[in-house]
Amino acid sequence: MPRKHQSEDSILRKIATSSQSSQGQRPGHSVALGIGDDAALFRAKPGHEIILTCDWFLEATHFLRDKHPPDAVGWKCLARALSDVAAMGGTPRCFLLSLALPETHTGRWLDRFLGGLRRASRKFQCRLAGGDTTRRDEILINITVVGEVRARRAALRSGARADDILYVSGRLGEAELGLQILRRSKGRASNKNPLTRKHLYPEPRLALGQWLVKKGLVTAMMDLSDGLSSDVPRLCAASAVGARLEKAKIPQVQTPDVALKYGHDLMQLALHGGDDYELLFTVPPRKAKLLPKSFRGVRLTPIGKITRKRELLVLEENGRARHLIPGGWDPFR
């Protein structure tokens, strides 16, 4: 049977229907006008600043059509963009979706993609407000998120000071290990495999970021998207400081036998693996005692200190220090 032709209007209606099925228009919502007009209207809360961020999610660069489940692509394209809002201690309000895809993927693939996107939108309370669609041979996705944070309260990368303690949330390297398992698997990944879950369905640390900012605990913060070894230098450069990491304290993957099976060193995964979407943040020593060991089941681990001298060092278990060499994700490498 020949494939039924899908027009742009029919695809837009499908997207709008999928969005409205989980989020109706609520009185007083930040989105004063959503899908259906030339542009959306956003109503910011008094006393708040607006957070704006956008993120590409590209076939063959960020996901593989024959490996990644469509619903995971839908979930992750929004979740990874929301991680930027989490890193500033903000609250997401709405997002725009720009989607390019081949006509062959406007049926079941699109339905499943929208299903995953809808679940993420509902989970993180971030409403689809509009966007754009077009036709292309490869699948290209761009997400723009609008969020809010109390005026002059946003956590920035530039506030770290000498002697601050450097923390990370969660365990590092899990998403990279999941990607390697997925690459070597036959066919499309199962969404029930716990070893690939963090890669396929990351959870931005929104509640943690909001709590840290509300309590006034952090001096600087950012999300870990490209890998610890690449993101620590960015935070330090923004704050004009250095850092000394203690290798033994960096939280690693809890399945060493699986990592070794795929030929990966746990510390290399933790240092250089990207896609974890955990938070990297600094806390003054006097406030460190106010920080719990975990927040809603997510570990909070001190991994080193900020230094006045602008050098990046990793302290080995034998006490020797070596320079931290960025080895995380770089699209131009």
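The values are calculated or read from the model by the stated rules, or taken from the named source; none is laboratory data. The shown structure was predicted, so the numbers you read here are calculated from the model rather than taken from an experiment. Cβ coordinates were reconstructed from backbone atoms using ideal geometry, including for glycine residues, and neighbour counts include every protein chain displayed. What goes into the accessible areas is simple: the full protein's heavy atoms, side chains included, and nothing from ligands, DNA or RNA. Shrake-Rupley method; radii C 1.70, N 1.55, O 1.52, S 1.80 Å.
In segment 191-202, the residues that are basic (Lys, Arg) form Cβ pairs under 8 Å with partners that are open to solvent by less than 10 Å² (accessible area, probe 1.4 Å), at six or more places apart or across chains, as follows: Arg197/Gly178; Lys198/Ala175; Lys198/Gly178; Lys198/Asp276.
For Asp55, the stated conditions hold: it is in contact with a helix residue (DSSP H, G or I) (Cβ under 7 Å, 6 or more places away or on another chain), in contact (Cβ under 8 Å) with a residue 12 or more places away in the chain, part of a strand (DSSP E or B) and buried (at least 16 other Cβ atoms within 10 Å of the Cβ).
Every condition in (1) under 20 Å from the mean Cα position of the chain (by Cα); (2) farther than 25 Å from Ala86 by Cα is met by Ala321 except one, and the failing one is (1). Does segment 173-196 include one or more residues that are within 28 Å of Leu290 (Cα to Cα) and either touching a Lys or Arg at 6+ places or on another chain (Cβ under 9 Å) or hydroxyl-bearing (Ser, Thr, Tyr) (or both)? For segment 173-196, residues within 28 Å of Leu290 (Cα to Cα) and either touching a Lys or Arg at 6+ places or on another chain (Cβ under 9 Å) or hydroxyl-bearing (Ser, Thr, Tyr) (or both): present.
May I ask you to list the residues in segment 234-282 that are within 19 Å of Arg161 (Cα to Cα), open to solvent by 30 Å² or more (accessible area, probe 1.4 Å), assigned to a helix (DSSP H, G or I) and in contact (Cβ under 8 Å) with a residue 24 or more places away in the chain? Hits for segment 234-282 are Arg234, Ala238. A search for C-beta distances below 6 Å between a residue of segment 294-310 that is closer than 10 Å to Asp164 by Cα and any residue that is of a type in the set (S, T, N, Q), counting only pairs 6+ apart in sequence or on different chains, returns Ile306/Thr282.
All of (1) in a helix (DSSP H, G or I); (2) of a type outside the set (Ser, Thr, Tyr); (3) open to solvent by 30 Å² or more (accessible area, probe 1.4 Å) hold for Asp231 with one exception: (3). Among the criteria (1) more than 24 Å from Ala151 (Cβ to Cβ); (2) more than 23 Å from the chain's Cα centre (by Cα); (3) modelled with pLDDT of 70 or more, the one Lys4 does not fulfil is (3).
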